[in-house]
């Protein structure tokens, strides 16, 4: 016996377009989440915590930024590469205090696994003025 359908069949391409849109939205959310997670790991790295420790205790920096030194934005973003295992750090991020805002730049390398990290550049830029944190003697920073 022959089988017949008395109903209109659904458009197969309508579902396909909706699925493509949903897949695109899904991968966009996954990509953004990945970058946020990687950045969160950077913000909680010991080298970043040590930088804030230094900034908050430096008389020179407090004169420029004021008190309450922290990230400049509610959601901090650290640009660059932070790979302490391989010994390569090249980051910059914005900081603010009660008086002003600035940008921290840190570039450091480690020649081999048995060496300590060698800081090449560690600066704070405030209103175009570059302050070399390696020359700041107001804090005894023991490594």
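Since every read-out is calculated from the coordinates, none of them should be taken as a lab result. Please read these numbers as outputs of a predicted model, since none were measured by experiment. Ideal geometry is used to build each Cβ from the backbone, glycine not excepted, and the neighbour counts take in all protein chains shown.
Which shape class applies to region 53-111: rounded if a/c is under 1.5, otherwise prolate when a/b exceeds b/c and oblate if not, where a ≥ b ≥ c are the square roots of the Cα gyration tensor eigenvalues? Judged from the Cα gyration tensor, region 53-111 comes out prolate (a/c at least 1.5, a/b above b/c). In degrees, nearest 10, range 0 to 90: what is the angle between the Cα axis of helix 12-43 and the longest Cα principal axis of the chain? Rounded to the nearest ten degrees, it is 10.
For the Cα atoms of the chain, what angle does the longest principal axis make with the long axis of helix 46-57, in degrees from 0 to 90, nearest 10? That works out to roughly 40 degrees. Placing pseudo-labels 7 Å out from each Cα toward the beta carbon at residue 70 and residue 119 gives an inter-label distance of 2.3 nm. Mean separation of Cα pairs under 8 Å and 6 or more residues apart, divided by the residue count, gives the chain a relative contact order of 15 percent. Ratio to report: Rg/Rh of the chain, with Cα atoms as the point set and Rh obtained by the Kirkwood method; give two decimals. When Rh is taken as the Kirkwood radius, the ratio is 1.36. Each residue in 92, 11 was given a count of other beta-carbon atoms within 10 angstrom of its own, and listing them fewest first yields 11, 92.
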